[in-house]
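Note sheet for the following structure.
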Amino acid sequence: MNYQYVYETQIGPVTMLSDDRYLLGLWLKNQRYFGADYNLDAALTKLTVPIEAAINWLDDYFAGNHPDVKMVPLNPVTTSFRKQVFNELLMVPYGQTITYAAIAEAIQNDASKSKNLARAVGGAVGHNPIALIIPCHRVIGSDGQMTGYAGGIPNKRFLLNFEQST
């Protein structure tokens, strides 16, 4: 059984989805790919342990603290490639940024043949089902520009400015 809960943040409401053990999703209002492939209409509204952990994380984050992602039991249901990308995102320090190309390069360190995976990384980042906690807002273009963000460029700009000021 899946459960959902809507929580108000400084950038508007976020919808969280969990099962009994893990946070499965966290989406900003009007985010592209909202709900991923989950049927949110079938999820009961309930505060679960993973959702409460996510709320505590969000409260710490928006208080200007640097909460540890390990506070929240995460289980993004996705491909192994996307999980690799998400693991790279989790290593980007609070208030800092990384490029799509740098993530692609980091993932390929173990590959026998080098490929240009920057676009594939972009697709993975755009389909991140656990926004904010898996910090896809910290990814920028190679030229330093704020490129696409499923939660909207104004939210991305706000989050990066917020992190850099706290």
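The values are calculated or read from the model by the stated rules, or taken from the named source; none is laboratory data. The shown structure was predicted, so the numbers you read here are calculated from the model rather than taken from an experiment. Every residue, glycine among them, receives a Cβ derived from its backbone with ideal geometry; neighbour counts consider all protein chains shown. Accessible surface is based on the protein model in full, side chains and every heavy atom, while ligands, DNA and RNA are left aside. Shrake-Rupley method; radii C 1.70, N 1.55, O 1.52, S 1.80 Å.
Pairing residues of the stretch 126-147 that are under 14 Å from residue 54 (Cα atoms) and acidic (Asp, Glu) with residues that are open to solvent by less than 20 Å² (accessible area, probe 1.4 Å) and part of a helix (DSSP H, G or I), at Cβ distances under 9 Å and at least 6 apart in sequence or on separate chains, gives no pairs at all. Please work out which residue is nearest to residue 125 (Cα to Cα), limiting yourself to the stretch 83-97 and to residues that are among the hydrophobic types (A, V, I, L, M, F, W, C) and open to solvent by 40 Å² or more (accessible area, probe 1.4 Å). Once the filter is applied, the top-ranked residue is 90. Restricting attention to the stretch 33-52, and to residues there that are in a helix (DSSP H, G or I) and either in contact (Cβ under 8 Å) with a residue 24 or more places away in the chain or under 30 Å from residue 123 (Cβ atoms) (or both), which single residue is most open to solvent (accessible area, probe 1.4 Å)? Top of the filtered list is 41. Has the stretch 108-119 got at least one residue that is open to solvent by less than 80 Å² (accessible area, probe 1.4 Å) and assigned to a helix (DSSP H, G or I)? Yes, some residue in the stretch 108-119 is open to solvent by less than 80 Å² (accessible area, probe 1.4 Å) and assigned to a helix (DSSP H, G or I).
Restricting attention to the stretch 10-32, the residues that are surrounded by fewer than 17 Cβ atoms within 10 Å (Cβ to Cβ) and over 12 Å from residue 129 (Cα atoms) add up to 8.
Of all residues in the stretch 57-82, exactly one satisfies the criterion of being free of Cβ contacts under 8 Å to residues at least 24 places away in the same chain and surrounded by 15 or more Cβ atoms within 10 Å (Cβ to Cβ), namely 67.
Do we find a residue being acidic (Asp, Glu) and either at positive phi or at pLDDT below 95 (or both) anywhere in the stretch 101-109? Yes, because at least one residue in the stretch 101-109 is acidic (Asp, Glu) and either at positive phi or at pLDDT below 95 (or both). Scanning the stretch 1-50 for residues that are closer than 27 Å to residue 156 by Cα and among the β-branched types (Val, Ile, Thr) yields a total of 5. Would you confirm, using the coordinates I've provided, whether residue 148 is open to solvent by 30 Å² or more (accessible area, probe 1.4 Å), closer than 17 Å to residue 28 by Cα and within 16 Å of the chain's Cα centre (by Cα)? Taking the combined requirement at face value, the residue satisfies it.
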